[in-house]
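Report on the following structure.
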Amino acid sequence: MYQKAITKYTRLLLICSCHRLVWMRLAADLKKDFSYLKTKLTTLAKMDQFDSECYWNRSASRGFSFDDDESSLCASASGSNMNVSNILNDYDTISEASFDNSVTGSALNLSIKSVISEDTLKKLLQEQTLDDRIVSKGVAPEEELRLLRRQIQTTFYNPSAEATAHKLLLGKNAPLEVFKSLHEKEQLLDAVLKCGGGDAVIGVLLFLKKTLNRLNFLKILEQRPQALQYYVSYLQQRQSSEAAEVLQHFGKHQDAALLQFKAAMSCKDLVHRKRKLQQLLDQYSGDKNVVSVYLQQFQAALKLLEFVEKERNVLDNLVDMHSTPIEVLYQCCRKHNNWKEQDMTRTVSPFRLSADLQISPAQLEWTALNERANAQAYADLESVFERIPAWNPMKTKQFHISFSLELAILRLYSLQAPTSVLYMFLTKMSNATEKLELAQRVKCVRAVIDALTGMKDVNQLTQLKDTLPQRSEEQIYCEKALKSLQTKRWTTENIKLKL
């Protein structure tokens, strides 16, 4: 309480010393505070072994008192030669007990810096010292008082936008209600954005939203894309439907649709999520501003929920409303038992589910490869990658893979698939050099022999044969490859016609 009284007195002393009329007007209101302050200082003086009566009266001139009449008060204030700018340089120029600056009077006075730190005092002077303004000579006291009141009003109740923005960024309380006009509010927002934003921008935006009509508020956001981004992010964190409305207002229909889709997919209840997705489809079905791919994704998500709701028991309750399309497809592959035919009649058929949810062939084949390999059902792998070409009238099945063949072989090798399965996929590679390198990585000897045979590298085949176990299947296969390369075969190029 004592520190609070000292600080309040120091602040008012610095301000009111600017002019005698201000001091006269405020003296009556501060009389109670100074009386309390005088009592506390008296107690302090006793603790310092000063006689209280001597302490308050020991001065070159009579000490200040609220009991003085108005004329003596004016004389005392006008006779003081206190300089505010010298406060920081002199430790004993101002006393809480007297305005006297004499050496005798300041000998026992308390130092301001003993009560308040130098940094705090600097900030106090910067924030609350009135600007020195020249008042024309001959101005009536009433007019001069009115000008000084306006000066105080400007300093205390109309702070600059930069100062307020700085306080907000430091986490301090700053009154925003003093910014009344639209121009002042725009200046405040620009100052906060210039300083770096953060929570201060959100606080100012919420203040503008509260004090402005919607048209002006949206116009401010339109002119400041950075502020719009902050505001939309804030609404997204609060999961407010206003975020989509704001984006639609500014013509960002794609972003609004995706935001609503994200909000719908975050619903915890299956029925509620289905209803949200259906509303989303009804809203954007005829909207040309939203690309068709988004609508397809919305519809696929709704179909997936309906599928899970209906076929959950058939899939052994291994899927739920939070399962992804690939996870559901994996369980459908587990339940599928006839890979030789692309059954589109069964509801849980992976081929039908892929068509309904618009899952690409590469995703279907990759999911089936992983599921069949994990289930060690390697006999189905060849059927997974067999397709009937539409252009072939004979309709014979051919091997077809929609992603990298090398990736499939490496994945099977990591899943510890048998060498015979790896060899089946390696035989589908046409490039002998790439085939040799990959076969060596997955340790498939038969594929290495085939690649060297295709490259007609007899030396490496011979070296490889010597490293293989005697009379093993791989060694016999390598010997046959060497014989096929060493045997001369008559061709049309070797035949020379003699005329």
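The values are calculated or read from the model by the stated rules, or taken from the named source; none is laboratory data. As the structure is a prediction and not an experimental result, all values here were calculated from the model. Please note: Cβ atoms are built from the backbone with ideal geometry, for glycine as well, and neighbour counts cover all protein chains shown. SASA here: full protein model, heavy atoms, side chains in, ligands and nucleic acids out. Shrake-Rupley method; radii C 1.70, N 1.55, O 1.52, S 1.80 Å.
The figures follow:
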read-out	value
3J(HN,Hα) from dihedral phi, the stretch 220-229, Karplus parametrisation 6.51/-1.76/1.60, rounded to Hz, x for glycine, proline	4, 5, 5, 7, 10, x, 5, 5, 4, 5
Karplus-derived 3J(HN,Hα), 6.51/-1.76/1.60, for each residue of the stretch 353-370, Hz, glycine and proline x	4, 5, 5, 5, 9, 6, 7, 5, x, 5, 5, 5, 5, 5, 5, 5, 4, 5
Farthest positive-ward along the stretch 149-297 dipole, Cα basis, beta-carbon charges - from Ile202, Val291, His183	Ile202
Förster radius 41 Å - calculated FRET efficiency between Ser266 and Glu142, Cβ distance, rounded to 0.05	0.05
Gain in span if fully extended, Asp282 to Gln237, counting 0.36 nm per residue against the direct Cα distance	13.6 nm
Sites matching GluC sites (Glu not before Pro) across the stretch 159-246 that sit in DSSP coil, with at most 10 neighbouring C-beta atoms within 10 Å	Glu177
Order by protection proxy (mean Cβ within 10 Å, highest first), peptides 279-289, 164-174, 188-198	188-198, 164-174, 279-289
Listed peptides 349-362, 450-463 by packing density, highest first (mean Cβ within 10 Å)	349-362, 450-463
Cα gyration tensor category, rounded, prolate or oblate, for the stretch 322-436 with a/c compared to 1.5	oblate
Carbon plus sulfur fraction of accessible area for the stretch 162-255, probe 1.4 Å, in percent	49 percent
